[in-house]
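In what follows, a structure is listed as structure tokens, so that the remarks can point back to it.
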Amino acid sequence: MLGPLLLFTLAGNILWTYALPSLPFAAILIARPVSALSAQSRSGRLRAPAAAITPLLLTGVVIAVGNSLTPVKSEKSLVNYYSRQSRPADSPLLYLDKLPFSARFYSQGRARAVTPEQFENMRERREYRRYFAVIPARWPNERITALFGDASTEFTDRRHRLLSIQERAVDLVPSAKGR
């Protein structure tokens, strides 16, 4: 019963479905001592009402906990927001910290990890019209301003902040010197 719980907890896996194989064994371990109770004892008389109420209580707890939880280690909402906002001339999703696995998964491998220096080089070469940079939410505003200038925050979650940086239009009017 404890094997899957311990294994996947220590592995840092976040999928709750991996714990499901342990539930039948947990039910057996709980049912054996309960079925051994004598019907004449006080605890034995509570057996039937407890068996009827337990599924209702567990359902209520699961619904309450499930509705109050927010995905902590998932980049799904951030990647979905980026997908709705991005245009063909925009950059891919650029992570200036480490690239989480879920960002790679939900972006279908298009999200990239870059260093601040690589990001600056991209901007100097004007590779994209608009850049989408993902930074840790804990970064102070002074650091953000120093690295990105007039970036605007598009999306924020508990772990990350999605910034958009619009490149200024290049002066397309020929200068008077060239005439």
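A short reminder: the numbers here are calculations on the coordinates, not readings from a lab. Treat the numbers as computed from the prediction; the structure is a model and nothing was measured. Note: ideal-geometry Cβ built from the backbone for every residue, glycine included; neighbour counts use all protein chains shown.
A crude spin-label estimate for the pair A51 and R110, with each label 7 Å from Cα along the Cβ direction, gives 5.5 nm. Across the alpha-carbon atoms of the stretch 76-166, the computed radius of gyration and Dmax are 12.0, 32 angstrom. Cβ crowding within 10 Å, taken as a proxy for footprinting-reagent exposure, orders E124, E154 from fewest neighbours to most as E124, E154. With neighbour counts taken as other beta-carbon atoms within 10 Å, the residues F25, F8 rank, fewest first, as F25, F8. Ranking of L94, L99, L78, L7 by neighbouring Cβ atoms within 10 Å, starting from the fewest: L7, L99, L94, L78.
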